[in-house]
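For reference, the structure discussed in these notes is given below.
Computed from the coordinates by the stated procedures, all read-outs in this text should not be read as laboratory data. Model, not experiment: these values are computed from the prediction. Glycine also receives a Cβ, built like all others from the backbone with ideal geometry; neighbour counts cover every protein chain displayed.
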């Protein structure tokens with residue numbers, strides 16, 4: 001019984017160990033007051049759909065830093081460049097090789113969107129807007145602009161009314 005209890009304690013402690021923040025990511029965040037993040041995967045159809053609107057937001061809000069984060073090592077730089085070119089993705093892509101940023105923000109799917117401050121505090125997380133009903137099903141028109149509303153709120157020194165939505169996308173495996 002003592003061995004079983006000890007094993008449970010060891011497994012629990014090992015499973016709870018936290019990943020330290022990625023230093024390069026934290027350095028990028030510290031350069032701006034707010035950063036909008038989109039987790040991407042080049043083979044995710046929803047990432048292909050949402051990259052262009054995310055890029056349009058980056059043009060509309062020059063006072064906000066926009067980053068696309070790719071976690072893992074499956075894709076080569078050329079494949080990421082081809083993805084960015086084909087989707088007209090303007091924000092820079094941050095390579096999160098060891099899933100440190102994904103762990104830090106607890107990202108679960110691609111695309112998943114975050115608005116964070118310069119110290120990585122999450123202000124908003126979830127969907128960019130309400131155009132996606134479920135995997136493979138899109139609305140023709142949408143009226144909830146979650147990420148944009150959160151950006152507007154922080155720029156007005158306010159707190160977003162919606163802080164979290166349930167993201168829909170391809171599972172981020174790590």
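With neighbour counts taken as other beta-carbon atoms within 10 Å, the residues 172, 28 rank, fewest first, as 28, 172.
Mind checking which of 43, 143, 130 has the largest fluctuation in a GNM of the chain, springs on alpha carbons under 10 Å? Looking only at 43, 143, 130, the largest GNM fluctuation is found for 143. Only Cα pairs under 8 Å and 6+ residues apart enter the sum, and on that basis the relative contact order of the chain stands at 24 percent. Computed from the Cβ-Cβ distance with R0 of 22 Å, the FRET efficiency linking residue 119 to residue 171 stands at 0.20.
Each label point was placed 7 Å from the Cα along the Cα-to-Cβ direction; for residue 135 and residue 158 their separation is 3.7 nm. Between residue 81 and residue 32, residue separation times 0.36 nm minus the direct Cα-Cα distance comes to 15.2 nm. Sorting 92, 131 from the fewest to the most surrounding beta carbons within 10 angstrom yields 92, 131. Look at where the Cα atoms of the range 88-160 and of the range 28-63 average out, and the two centres are 8 Å apart.
Given a 10 angstrom Cα cut-off, can you work out which residue in 45, 160, 62 is the most mobile in a GNM of the chain? Taking springs between Cα atoms under 10 Å, the residue moving most is 62.
Measuring spread by the Cα atoms of the chain yields a radius of gyration and Dmax of 17.5, 62 Å. The relative contact order of the range 100-154 comes to 27 percent, based on Cα pairs under 8 Å that sit 6 or more residues apart. Between residue 142 and residue 74, how high is the FRET efficiency from 1/(1 + (r/R0)^6) when r is the Cβ-Cβ distance and R₀ = 41 Å? Nearest 0.05. Efficiency for this residue pair is about 0.85.
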